[in-house]
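Novice: Quick one: this structure, given as structure tokens, is what I'll be asking you about.
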Amino acid sequence: FILFSPDISFSNEKNNSPINIDPNVENYNLGPNLEIFEDNTQNVTINAIKSPKYNKLFRKSTESIPSFGYTDSAIWVRFNLKAEKEGIWILEIDQAMIESIRLYIPDKNGRFIEKETGVLIPFNSREEKYRNFLFKLPLDNTQKTFYMRFEAKGYTLQLPLLLWNIESFDHKVKTENIIFGIYFGICIVMILYNFVIFLSLKDISYLYYIMYLIV
């Protein structure tokens, strides 16, 4: 055990082989393929995180949806992707209450393009306007290592990360729009119906019910 133990701290990067992205697959759950580092200081930068000092501190995820409870730490994750076909994929973070989410996309010069979203970013200022947080990931047949940084002060932090085929994601959104349209249509009909009854009977309970439906 002692003879083999020195390799343990470095095994997480060596074993983190890329996810080979098949264009025919709808989506991938990235949770089990993440490597995670918890920054208690909240001061570690993207340039520092790549250094050997921090490289060996990343640990392989053991959860489908990594969960950290209430934490003031900044959570860093990294994952490797390699696509069979060049194209854009959608990264969805299905967690509404995360203050800050930063994505670092590697470029051809060995640097990173930073993108940010989260609760602190006004909805109209977000690159992708959707109920969940989204990023577009450019993928090709070269292996790329992506880094992400999360902060969720005052909220429980979970990381349900789904990587979507863009056509499958568009289909999902259209289906959701139809379902929500039907739901809100039914609500509007109920509000109008009860309002007519209220005008006829002058029963205040119908007005309370209308207010309940609106809220």
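Novice: Which of the residues spanning the stretch 89-105 are modelled with pLDDT of 95 or more and open to solvent by 30 Å² or more (accessible area, probe 1.4 Å)?
Specialist: 102
Novice: Enumerate the strands (runs of 3 or more DSSP E) found wholly within the stretch 84-197, keeping only those where 1 or more residues are among the aromatic types (Phe, Trp, Tyr).
Specialist: 87-93, 100-106, 112-117, 133-139, 144-151, 161-165
Novice: Could you check how many residues of the stretch 66-88 are in contact with a Leu (Cβ under 8 Å, 6 or more places away or on another chain), surrounded by 15 or more Cβ atoms within 10 Å (Cβ to Cβ) and of a type outside the set (Lys, Arg)?
Specialist: Going through the stretch 66-88 one residue at a time, the tally reaches 9.
Novice: If residue 63 meets every condition in (1) modelled with pLDDT of 95 or more; (2) acidic (Asp, Glu); (3) part of a loop (DSSP other than H, G, I, E, B) apart from one, which number is that one?
Specialist: (1)
Novice: Restricting the stretch 106-115 to residues that are within 15 Å of residue 139 (Cα to Cα) and touching a strand residue (DSSP E or B) at 6+ places or on another chain (Cβ under 7 Å), which is most open to solvent (accessible area, probe 1.4 Å)?
Specialist: In this case the residue turns out to be 113.
Novice: Inspect the stretch 38-49 for any residue being within 28 Å of residue 167 (Cβ to Cβ) and at pLDDT 95 or above and give the result as yes or no.
Specialist: Scanning the stretch 38-49, I find no residue that is within 28 Å of residue 167 (Cβ to Cβ) and at pLDDT 95 or above, so the answer is no.
Novice: Pairs please, first residue from the stretch 88-102 and more than 14 Å from residue 30 (Cβ to Cβ), second anywhere and open to solvent by 40 Å² or more (accessible area, probe 1.4 Å) and among the aliphatic types (A, V, I, L, M), Cβ atoms under 7 Å, 6+ apart in sequence or on different chains.
Specialist: Taking only residues 6 or more apart or on different chains, the pairs are 88/166; 97/119; 98/119; 99/119; 99/120; 100/120.
Novice: So, in the stretch 121-158, how many residues would count as being touching a residue at least 40 places away in the same chain (Cβ under 8 Å) and either exposed (fewer than 13 other Cβ atoms within 10 Å of the Cβ) or over 18 Å from residue 105 (Cβ atoms) (or both)?
Specialist: Taking the stretch 121-158 first, the residues touching a residue at least 40 places away in the same chain (Cβ under 8 Å) are 130, 132-158.
This time we only want the ones that are either exposed (fewer than 13 other Cβ atoms within 10 Å of the Cβ) or over 18 Å from residue 105 (Cβ atoms) (or both), so: 130, 132, 141-142, 151-158.
Number of matching residues: 12.
Novice: Yes or no: the stretch 13-33 includes at least one residue that is modelled with pLDDT under 90 and part of a helix (DSSP H, G or I).
Specialist: Yes: one or more hits.
Novice: For the stretch 37-71, enumerate the residues that are of a type in the set (S, T, N, Q) and either in contact with a strand residue (DSSP E or B) (Cβ under 7 Å, 6 or more places away or on another chain) or touching a residue at least 60 places away in the same chain (Cβ under 8 Å) (or both).
Specialist: 42, 61, 64, 67, 71
The values are calculated or read from the model by the stated rules, or taken from the named source; none is laboratory data. A quick note: this is a predicted structure, and the numbers were derived from the prediction, not measured. Heads up, the Cβs are rebuilt from the backbone with ideal geometry, glycines too, and the neighbour counts pull from every protein chain shown. Surface areas here come from the heavy atoms of the whole protein model, side chains and all, with no ligands, DNA or RNA. Shrake-Rupley method; radii C 1.70, N 1.55, O 1.52, S 1.80 Å.
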